[in-house]
1. Rounded to two decimals, what is Rg over Rh for the stretch 43-118 when you use alpha-carbon atoms and the Kirkwood radius?
2. Which whole-Hz ³J(HN,Hα) couplings does the stretch 121-126 yield from phi under the Karplus relation 6.51 cos²θ - 1.76 cosθ + 1.60, θ = phi - 60°, glycine and proline marked x?
3. Restricting attention to the alpha-carbon atoms of the stretch 147-209, what are Rg (one decimal) and Dmax (integer), both in Å?
4. Step by step: find N for the chain, compute 2.2 N^0.38 Å, then divide the Cα radius of gyration by it. What's the final number?
5. In terms of the ratio Rg/(2.2 N^0.38 Å) built on C-alpha atoms, what value belongs to the stretch 97-165?
6. Once R0 is set to 25 Å, what does the formula 1/(1 + (r/R0)^6) return for the Cβ-Cβ distance between residue 190 and residue 76, expressed as a FRET efficiency to the nearest 0.05?
7. So what J values fall out for the stretch 189-200 if you push phi through Karplus, 6.51 cos²θ - 1.76 cosθ + 1.60 with θ = phi - 60°, rounded to Hz, Gly and Pro as x?
8. With no solvent and one point per C-alpha, what does the Debye sum give as log10 I(q)/I(0) for the stretch 106-222 at q = 0.17, 0.20, 0.24 Å⁻¹?
Amino acid sequence: MIRLENVYKTFNEGTPEAFEALHDISLHVRQGEMVILKGISGSGKSTLLSIIGALTKPSSGAVIVGGKSVAKLSDLHASHYRRDTLGFIFQSFNLFEELSVEDNVALPLIHAPLTQGEAARRIDTALQRAHIAHKRTVRTALLSGGEKQRCAIARALANDPAVLLCDEPTANLDAQNARAFCDNLQELRLLGKTIIVATHDPIFETLEGVRVVAIVSGRIEP
């Protein structure tokens, strides 16, 4: 599903402030697999997620997702790729707190080529899969931390993505909600979603059926 070959990323390239964030990264992720990118802050794992998500372009190397090269997409085509293929889950939730849960979940579908009925069905499915349907009319400002993360999961699922990218998703959760989040990810993996999690939370290493990839100073450890 995802294939990276010899990926490098250097920020401020050609200047005295040049910094190599990723060095010769090669990684293959199968469809339906959950991969944990393990590393401390600054190790390069979030940069790697950003490159897979076409939010950042690599300095060199190949990035293939679903058989398509995404390393050098134009902004417009990158936007369509993210809309059609990816769901993002962030540590800070990134919700519009003045909107309801349902309205937040609907946001990724605004520009999707769907009928109103199709969009409504996708929203309902996403809310059910994230176990947050009972809060659909509640403003997200009134939710607990765990409920906000479930809302963020539902929003990521709204476009029925093949791939979920999670960046430090349990950083703002207590132990109980972190475990509930992990359980939810396992359910989604069993539905065939390909999931990549960038984290330094050891809870993910306890999950069954996951592959842990350690990243140190921008390199994959053997």
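All of the numbers you see were taken from the coordinates with simple rules; none came from a lab. Just so we're clear, the structure is a prediction, and the values are computed from it rather than from any experiment. Virtual Cβ from ideal backbone geometry, glycine too; neighbours counted across all protein chains shown.
1. On the way: Rg = 14.6 Å, Rh = 14.3 Å.
Rg/Rh: 1.02.
2. Calculated HN-Hα couplings, in order: 5, 5, 5, 4, 4, 5 Hz.
3. Calculated on Cα positions, Rg and Dmax stand at 11.0, 29 Å.
4. On the way: Rg = 17.3 Å, N = 222, 2.2 N^0.38 = 17.1 Å.
The chain yields a ratio of 1.01.
5. Details: Rg = 11.2 Å, N = 69, 2.2 N^0.38 = 11.0 Å.
Compactness ratio reported: 1.01.
6. Numbers: r = 34 Å, r/R0 = 1.37.
The calculated FRET efficiency here is 0.15.
7. 3J(HN,Hα) across the stretch 189-200, in whole Hz: 4, 5, 7, x, 6, 8, 10, 10, 10, 9, 7, 10.
8. At q = 0.17, 0.20, 0.24 Å⁻¹ the computed log10 ratios are -0.90, -1.15, -1.48.
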